[in-house]
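Only the coordinates and a few stated rules stand behind these numbers; no lab work does. These numbers come from a predicted model, not from an experiment. Cβ placement follows ideal geometry from the backbone for every residue including glycine, while neighbour counts extend to all protein chains displayed.
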Amino acid sequence: MSMRCGQALNAALHEIFERDERVYLIGEDLLDPYGGAFKISQGLSTRWPDRVLTTPVSEASIFGVSAGLALRGYRPILEVMFGDFVTLGLDQVVNGIAKFRAMFDERVTVPLVVRTPMGGRRGYGPTHSQSLEKLLVGVPGITVVAPSECHDVGALLAEAVDDDEPVFFIENKLMYGRPNRRPEGGRVDELACVEGEGRYPALTFSGNGFGRAEATLVTYGGMLPVALDAATQLILEHEVFTEVVALSRLLPLDLEPVLDSLGRTGMLVTVEEGTLTGGVGAEIAARVQAEAWSDLNGPVVRVAARDGIVPSARSLEDDALPGVEDVIAAVTALERVGG
Amino acid sequence: MDGQEQTALAPASADARALYARMRLIRRFEETLLELFAAGKLHGTTHTCIGQEADAVGVISCLEPERDVVVSNHRCHGHYLAFTDDVDGLLREVMGRVGGVCGGKGGSQHLFRGNFYSNGVLGSTVPVAAGMALAEREKGSGALATVFVGDGTLGQGVVYESLNIASLWELPLLVVVEHNGYAQSTPSRLQLAGDVEARAAAFGVATSRHDTTDVLEVQAAAREAVDHVRTTGTPYFLVLDTYRFSPHSKGDDFREPEEIAERRLRDPLTVAAGIVGEAEREEIADAVERRLAEAVEQALAAPVPATEPATR
């Protein structure tokens, strides 16, 4: 049984703290025995009491404090308890953290990692369940990383801490409790899986050994298991083969693996948990049509949350968020369009 | 204590001369900028501190630029010149010419050099300065971070979040409030309730308030504040009542001319005139004019920055 993603992130934080004394952790409710609202920071304050700073409920300020530390030689990790609360720090992000390097003529860096959980399906309701990556993807000057449960989540976090750019590291809430399902022998369960090279790699999955397939599903983060379940059901119940690309870096957008897969499929479906309008899928669609128009046999289709709130009641939440059936419906509809 | 003895002593005449000369430089630098704007030779915007020079010069004369950090705001030219003396870098930055301290990317309100930083969103600078103070404390450098804000910025919630943190974590942070009575065009009576000092005192932050445009008095007040931060490692909130003769930006002034005229009687340059002799004042004035004329001439002759290819 592999480690759960949350445990893997916690173990990575311990290794990162051991390795680099410039790393500080800043955020709310971090101290043991609490160890952060999702327990990802457990044990750190006991081992490094001087480098774990539990803060008042002051997101706007702690984004700035972290930026100040990063500008003066430290490598802070800011834990934002819920991704929804990133909005409280957005001034610091948009008008400071993302701009300092460029507006100060490349003579400073802001090596800051903002870790935060996004996503729903836990019944937390409209202000504790959102996937707000799209707000960040529109901010030039930051890097946005969103690992899935099949990525080496701990290694990605270590890469983010080593990165000289400010990195938003988006953790999915459901992912914390799920096994970190790393590819073994080029496979994850029944699907072949290829991992890209370098920092923040993408994963590409295929049900037929990367032969000709009907569509590429591009996704990230907590939507990967949904996309993989859809891909498996499409094979078993519809005899339709797809490829699934799980990006780990959303900004700058890692388009290469998408274009590579599209060369074998000719159809593209974007799958994300955030709301539809102005989403990550829209950006991918725009770039893909510009880069690979001749590879496309049909329109790019977006699967996303309904534009609106994420309701609390389970039945309503399930209805608002995109699920396996929505992905299957999008692919089978494309099938009819593209023949 | 050494620090207190120093405060009690009258400043050396060389020091007084330097304070006056620096204020004169800042005054004429900014008047020159406004003239260049009027002549159509500058693009963009600027926020001058004409009338407030004693704050920048008095406070920064108590800091050590090689280790202390200064974080300033949109109205940053005086702070920058007092801290760095970099006339050419600032002028070219504002003019968008090669040799600008940030390559023309920052412009008037986004400056970085050495330990000096400025940014243009009010209040956002206070937590950043607090983080810098934390960094210096952790390094054991003995440095303090000074952040300059205005009374308008006291409307921003993040200021109070940051005062709370600075007090809780005992950060070597000096917050200087240059209270010029206006938030852009809005007078304090329409935007500030209660007691300004009490806002910091509520967080257990040491505070004092001084209604003066005398650079020596500002320096004495700042010395006390800096000594407090340096020796206790805890924050200080220094409120300096002042007045801005110039508009908020370039031409946007709707204040009563009588009000401005009355305040001009307390012009920090007039107040400080007595600390140097008349001959010295003329010497300083001539030197400043020569320096600025040369800087303007060279800046106008400098090329504009080359554009760069997109990377993402």
(request) Hey, can you grab everything whose amide H is under 5 Å from the amide H of residue A:276? Only 5+ residues off in sequence or another chain; H modelled, so Pro and N-termini drop out. (result) A:305, A:307
(request) Tell me which residues come under 5 Å, amide H to amide H, from residue B:183 once H is placed; ignore anything under 5 positions away on its chain. (result) B:188
(request) Just add up the charged neighbours of residue B:37: K/R +1, D/E -1, any other residue whose Cβ is under 12 Å from the Cβ of residue B:37. (result) -1
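Which of rounded, prolate or oblate describes the range A:5-176 when judged by the alpha-carbon gyration tensor and an a/c cut-off of 1.5?
Numbers: a/c = 1.43, a/b = 1.13, b/c = 1.26.
Taking the square roots of the gyration eigenvalues as a ≥ b ≥ c, the range A:5-176 is rounded.
Could you tell me what percent of the DSSP beta bridges with both partners in chain A are antiparallel, to the nearest 5?
Numbers: 14 of 45 bridges.
Given both bridge residues lie in chain A, the antiparallel proportion sits at roughly 30 percent.
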(request) Evaluate the distance, in nm, between pseudo-label points positioned 7 Å from the Cα of residue B:253 and of residue A:164 along their respective Cα→Cβ axes. (result) 4.5 nm
(request) Quote the relative contact order of chain A in percent (integer), defining contacts as alpha-carbon pairs under 8 Å separated by 6+ residues. (result) 15 percent
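For the range B:129-189, which GluC sites (Glu not before Pro) are in a loop by DSSP, counting at most 16 other Cβ atoms within 10 Å? Walk me through the numbers on the way to the answer.
Numbers: sites: B:136, B:138, B:161, B:170, B:178; in loops: B:170.
Answer by residue number: B:170.
Where a ≥ b ≥ c are the square roots of the eigenvalues of the C-alpha gyration tensor, would you call the protein assembly as shown rounded, which needs a/c under 1.5, or, failing that, prolate if a/b is larger than b/c, or oblate? Could you put the intermediate results ahead of the total?
Numbers: a/c = 2.64, a/b = 2.01, b/c = 1.31.
It comes out prolate by the Cα gyration axes.
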(message) Explain nothing, just the number: dipole magnitude of the range B:16-301 about its Cα centre with +1 on each Lys and Arg Cβ and -1 on each Asp and Glu Cβ, in debye rounded to the nearest 20.
(response) 660 debye
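Among residues other than residue B:69 whose Cβ falls under 14 Å from its Cβ, what is the net charge (Lys/Arg +1, Asp/Glu -1)? Please report the intermediate quantities before stating the final value.
Details: positive: A:72, B:67, B:113, B:137, B:139, B:230; negative: B:64, B:66, B:68, B:136, B:138.
Cβ neighbours under 14 Å give a net charge of +1.
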(message) Taking 0.36 nm per residue of sequence separation and subtracting the Cα-Cα distance, how much length would be gained by fully extending the chain between residue A:291 and residue A:106, in nm to one decimal?
(response) 63.6 nm
(request) Could you list which residues have their amide H under 5 Å from that of residue B:69, counting only those 5 or more apart in sequence or on another chain, with H placed in the peptide plane? (result) B:144, B:145, B:146
(message) Quick check: convex hull over the Cα atoms of the range A:273-339, volume per residue in Å³, rounded to an integer?
(response) 78 Å³
(message) Semi-axes of the equivalent ellipsoid for the range B:82-122, please: Cα gyration tensor eigenvalues, times 5, square-rooted, ordered largest first, whole Å.
(response) 15, 13, 8
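Roughly what % of Cα-Cα distances in chain A sit above 30 Å, to the whole percent?
Working: 19289 of 57291 pairs.
Summing the P(r) of chain A above 30 Å gives 34 percent of all pairs.
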(request) Tally the DSSP beta bridges in the range A:187-338 and give the antiparallel ones as a percent, rounded to 5. (result) 45 percent
(request) Pop a pseudo-label 7 angstrom from the Cα along the beta-carbon direction at both residue A:187 and residue B:264 and give the gap in nm to one decimal. (result) 8.7 nm
(message) At 0.36 nm per residue, and after removing the present C-alpha to C-alpha distance, how many nm does the segment from residue A:46 to residue A:87 gain when stretched out fully?
(response) 11.7 nm
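Reported to two decimal places, what Rg/Rh ratio describes the range A:137-188 when computed on Cα atoms with Rh from the Kirkwood expression? Show your work: numbers first, answer last.
Details: Rg = 12.6 Å, Rh = 12.3 Å.
With Rg and the Kirkwood Rh in hand, the quotient comes to 1.03.
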(request) Among A:33, A:130, A:90, pick out the residue whose Cα is farthest towards the positive end of the charge dipole of the range A:1-144, where Lys and Arg carry +1 and Asp and Glu carry -1 on C-beta, about the Cα centre. (result) A:130
(request) Would you work out the charge dipole size for chain A about its Cα centre, treating the Cβ of every Lys and Arg as +1 and the Cβ of every Asp and Glu as -1, and quote it to the nearest 20 debye? (result) 480 debye
(message) Can you give me the convex hull volume of the Cα atoms of chain B, divided per residue and expressed in Å³?
(response) 145 Å³
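For the pairs A:134/B:250; B:105/B:139; A:134/B:41, flag any whose C-alpha to C-alpha distance is greater than 32 Å.
Details: A:134/B:250 38 Å; B:105/B:139 30 Å; A:134/B:41 41 Å.
Table pairs above 32 Å Cα-Cα are A:134/B:250; A:134/B:41.
How big is the dipole moment of the protein assembly as shown about its Cα centre under a simple scheme where the beta carbon of each Lys and Arg is +1, that of each Asp and Glu is -1, and everything else is neutral? Debye, nearest 20, please.
On the way: 58 positive and 93 negative charges, 63 e Å.
Charge dipole of the protein assembly as shown: 300 debye, to the nearest 20.
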(message) Let me check against my output: what whole-number percent is the relative contact order of the range A:80-175, with C-alpha pairs under 8 Å and at least 6 apart?
(response) 37 percent
(message) Give me a comma-separated list of calculated 3J(HN,Hα) values for the range B:96-113, in order, Karplus coefficients 6.51, -1.76, 1.60 applied at θ = phi - 60°, integers in Hz, x for any Gly or Pro.
(response) x, 10, 4, x, x, 5, 10, x, x, 7, x, x, 4, 10, 10, 10, 9, 7
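Could you grab the relative contact order for the range A:2-103? Cα pairs under 8 Å, six or more apart, rounded to a whole percent. All intermediate terms of the calculation are to be shown ahead of the outcome.
Details: 129 pairs, mean separation 27.4, N = 102.
Value for the range A:2-103: 27 percent.
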(message) For the range A:267-320 and the range A:108-137, what is the centre-to-centre distance using only Cα atoms, to the nearest Å?
(response) 18 Å
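So which GluC sites (Glu not before Pro) in the range A:228-307 are both in a DSSP loop and have at most 11 other Cβ atoms within 10 Å of their Cβ? Let's see the in-between values first.
Values: sites: A:237, A:239, A:243, A:272, A:273, A:283, A:291; in loops: A:239.
Sparse-neighbourhood loop GluC sites (Glu not before Pro): A:239.
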(request) Once you have a ≥ b ≥ c as the square roots of the Cα gyration tensor eigenvalues for the range A:187-338, tell me rounded if a/c is under 1.5, and otherwise prolate or oblate according to whether a/b is larger than b/c. (result) rounded
